[in-house]
Each structure stands twice: as C-alpha cells, then as structure tokens.
Amino acid sequence: MSDFTSNFWSVYVAAITIIGIVACLLLLWFSGKAKAMTANDNTTGHVWDGDLREMNNPLPRWWVWLFVITAVFGLAYLAMYPGLGSNPGKLGWTSLGQHKTEMEKGEKEVAPLYARFTAMAVPDMAGDAQAMAIGERLFLNNCAQCHGSDARGSKGFPNLTDGDWLYGGAPATIEETITKGRMGMMPPMAAAVGTPDDVKNVANYVLSLSGSPHDSVRAELGKSKFGACAACHGMDGKGNQAMGAPNLTDDIWLHGYGENAIIAMINNGKSNQMPAQEGKLSAAQIHVLAAYVWSRSNGSKVAAK
Ligand code: HEC
Ligand code: HEC
C-alpha cells in the first residue's frame, strides 16, 4: 500500500473495516435481546396470511456462536495479514514475498537437473531425451509465438529447422543469438541502385541467383547494379553471417518470394529483431534451448551417434 500518499486513507480504510465488524456484533447483540411482548402466548403479535404468527424465540445458540467465531476470525486475520489500511500485519506476508519464496524453491529443485545439462556439450544434449523434452517446453513457452510451435517460422520469422542460417548454426552462435538477440538491418537501397527500372533489373538478377523464374535480359542488365548489394550479401550473393545478410542464392525467402517482394526489400529496406532472452531466461535454460534448436536441423547427426 505504498501508493497511499498520506496516512489519511490508510486510517480511513482501517476504521471502516473495524466499524463494520463492530456494527455486525452490535446488530447481533441488539437482535438477540428479548422483545417486549404484546401478547402472552410468546408471539410478537405479528400475523401474516391469516394464521402465520411470528414467535418471540431467541436466535439459535449454534448460529450466534458461528457468527461470533466468524467475527473473531476476521479480527485475528486482520492482526496477522495485511488488511487494515497500510498495516502490514504481524506475519509480514506479501504476495511478492510468497512469489519469491516459491520461485526460489522451484529453482532449487531444478538446479541439479540444469547443472547436469550445463556440463554437457550441445550435440550430446541433443541425444538426451530429458534435455530435449525440457528444451521443447521452453521453446513452446518462449519462442513458438514467433517461430511457430514446429520451429518452422513464417514470413519475417526464420525457419530454425532448415539448416539455412542468417547468423550461423554453430552451437555457440545459436546460444549467442538467443542470449543477446539480433537486429537484422537492410537500409532502403533504391537511391543507390538507380531508376525504378534499374531496381526491377537487380531484382531479376537476384532471382537468377537461385535459378528462380526471371527475365534473363533484365537480369543481365541488373548484374552490374548488384555491386550496391555486395557489401552485405557478398559478390556471389551468398550472404554474410557476421551481419545477418541472407544468402540470396538458396531459394529460401524470409521476406517473401518473387519479383515484387524483392523490389519491396530494395525500396523500403527492413529492420527485423530477435529479442534478447538474457534477463528473461537463465544461462542454463538458454543452453538447453540452444541444444533443442540445434537438434532441429541436425537430427541426422544426432541419430548417427
Ligand atoms: C518476438 C518474436 C521472437 C521471439 C519471441 C523469438 N524470436 Fe528468434 N527471431 C525472431 C526474428 C524476427 C529473427 C530474425 C532476426 C533477423 O532477421 O535478423 C529471429 C532469429 C532467431 C535465430 C537466428 C536464426 C538464424 O537464421 O540465424 C535463432 C536461433 C532464434 N531466433 C531462436 C529463438 C529462440 C530459441 C527463441 C525463444 C527463446 C526465440 N528465437 C524467440 C523473432 C523472435
Ligand atoms: C547494409 C547491408 C545490406 C545491403 C547493402 C543490402 N542488403 Fe539486402 N539484406 C540485408 C539484411 C541484413 C537482410 C536481412 C534482414 C533481416 O534481418 O530480416 C537483407 C535481406 C534482403 C532480402 C530478403 C531475403 C529473404 O530471404 O527474403 C533481399 C531480397 C535483399 N536483401 C536484397 C538486397 C539487394 C538486391 C540489395 C542491393 C540493392 C541489398 N539487399 C542490399 C542487408 C543488406
């Protein structure tokens, strides 16, 4: 209740709570008192529907005691737990504290398990059924919303199972990608290429690199303009993993297939981000995840072991 700026509201809330409980007890006491009788046959004199009479009996004992016990329980609870304004209660309980204790307990329980994985190399873990089961859980909870539950990705979100890597598929590289995140950046390139016709020509040259359907005359004209792209994608168009520039010759398209998609890339460029997971996941969890991701494109190597 640190959001109270002065003590007033805390006292106000506490007072209403106490007054409420006292008022309940007063009501009980008041309605438990014997009423003055108007008739001498132990009725109150109220009659409904012709012959229904209200008797002047006291409240049942068990009911009165239940009521009192409830009120006492409420007061004892308020003394121990936070509830009276900003009073923290005798036990000092907070939901945050309870969450922390439970998290610490959970982490302690899985620590030996993760210690075993941390000592293992990624390819060994890929053959370990328990590591893969945990890796899959972690993936479904933290990665599937972008990369898909089968890790095959979608437009803009890379397929992690095809062996085609923007940044590299070595275990340490995958681990670095997950830990630090990645920021793929291609600037708009139309101005560097020339006229819209030049852009169309380069796009056809790019299509020709992967043997995709293209206009070969335009591709020939566009070839010389590809120099503007070579700094990142390489002279041969095979990409550069140091900067996450994709291989343009493998017929795998992260941002869409065909002339229009490539023209859009050249005209608009693209910023694409893989969010860093450090701080969200522990180093041990990232190690297990890296093994899971690695195993998805190295299945045959694991089976051969
Ligand atoms: C918010 C969406 C998002 C989430 C969540 C996410 N990723 Fe990514 N990830 C991306 C994007 C987008 C890229 C591509 C970045 C680029 O184009 O430069 C990427 C790239 C990657 C790469 C590099 C692929 C390559 O070809 O080099 C790996 C590995 C990866 N992610 C693994 C994971 C794992 C494991 C998780 C779960 C901990 C995860 N990602 C969670 C969006 C996401
Ligand atoms: C400054 C570096 C840089 C330059 C210059 C550059 N690119 Fe890119 N390009 C990238 C990066 C990085 C990506 C991946 C963006 C991402 O992370 O999703 C990319 C992506 C692409 C894609 C999408 C590939 C796919 O799989 O969908 C195409 C097509 C492309 N570039 C074509 C070109 C062409 C043509 C040129 C020259 C006119 C060019 N690029 C110049 C860095 C560059």
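The values are calculated or read from the model by the stated rules, or taken from the named source; none is laboratory data. As the structure is a computational prediction, the values presented were derived from the model and not from experiment. Cβ: placed from backbone, ideal geometry, glycine included. Neighbour counts: every protein chain shown. When the accessible area is computed, the model is the full protein with side chains, heavy atoms only, and any ligands, DNA or RNA have been set aside. Shrake-Rupley method; radii C 1.70, N 1.55, O 1.52, S 1.80 Å.
Restricting the search to the stretch 122-149, which residues are modelled with pLDDT of 95 or more and among the charged types (D, E, K, R)?
Hits for the stretch 122-149 are E136, R137.
May I ask you to list pairs of residues, at least six apart or on different chains, whose Cβ atoms are under 6 Å apart, with the first in the stretch 265-277 being at positive phi and the second being part of a loop (DSSP other than H, G, I, E, B)?
Pairs that qualify, where the first residue is at positive phi and the partner is part of a loop (DSSP other than H, G, I, E, B), are G269/P187; G269/P188.
Pairs under 6 Å by beta carbon, first residue under 11 Å from I263 (Cβ atoms) in the stretch 194-216, partner surrounded by 16 or more Cβ atoms within 10 Å (Cβ to Cβ) and of a type in the set (V, I, T), six or more apart or different chains?
V199/V193; V199/I263; V199/I266; V202/V193; A203/I262; A203/I263; V206/I262
Since A290 meets every condition but one in (1) surrounded by fewer than 20 Cβ atoms within 10 Å (Cβ to Cβ); (2) hydrophobic (A, V, I, L, M, F, W, C); (3) at pLDDT 95 or above, which condition does it not meet?
Tallying (1) surrounded by fewer than 20 Cβ atoms within 10 Å (Cβ to Cβ); (2) hydrophobic (A, V, I, L, M, F, W, C); (3) at pLDDT 95 or above, A290 fails exactly one: (1).
Hey, G163 hits all of (1) more than 9 Å from ligand 1 (Cβ to nearest atom); (2) open to solvent by 50 Å² or more (accessible area, probe 1.4 Å); (3) under 21 Å from H255 (Cβ atoms); (4) not aliphatic (A, V, I, L, M) but one; which does it fall short on?
Unmet condition: (2).
All but one of (1) more than 16 Å from ligand 1 (Cβ to nearest atom); (2) open to solvent by less than 20 Å² (accessible area, probe 1.4 Å); (3) not small (G, A, S) hold for Q277; which doesn't?
Just one mismatch for Q277, condition (1).
Among the numbered conditions (1) of a type in the set (V, I, T); (2) surrounded by 18 or more Cβ atoms within 10 Å (Cβ to Cβ); (3) not assigned by TED's automatic domain parsing to the domain that holds N142, tell me where I252 comes up short.
All conditions pass for I252, except number (2).
Within the stretch 181-264, which helices (runs of 4 or more DSSP H) (wholly inside it) include 2 or more residues that are within 10 Å of ligand 2 (Cβ to nearest atom) and in contact with a His (Cβ under 9 Å, 6 or more places away or on another chain)?
Answer list for the stretch 181-264: 196-209.
If the requirement is being modelled with pLDDT of 90 or more and within 30 Å of M132 (Cβ to Cβ), which of these qualifies: T101, T118?
Details: T101 fails: within 30 Å of M132 (Cβ to Cβ).
One residue alone meets the criteria, T118.
Condition check: assigned to a helix (DSSP H, G or I) and under 27 Å from L254 (Cα atoms). Does Q145 satisfy that? Spell out the reasoning first.
Details: assigned to a helix (DSSP H, G or I): yes; under 27 Å from L254 (Cα atoms): yes.
Yes.
Of the residues W253, W294, which is out of contact with any Leu (no Cβ under 8 Å at 6 or more places or on another chain), in contact (Cβ under 8 Å) with a residue 40 or more places away in the chain and aromatic (F, W, Y)?
Values: W253 fails: in contact (Cβ under 8 Å) with a residue 40 or more places away in the chain.
The conditions single out W294.
Mind checking which pairs have a first residue in the stretch 103-126 that is under 17 Å from V293 (Cβ atoms) and a second that is surrounded by fewer than 10 Cβ atoms within 10 Å (Cβ to Cβ), Cβ under 9 Å, 6 or more apart or different chains?
Note: pairs meeting the criteria are P123/K305; D124/K305; A126/K305.
Condition check: among the polar types (S, T, N, Q) and open to solvent by 60 Å² or more (accessible area, probe 1.4 Å). Does T43 satisfy that?
No.
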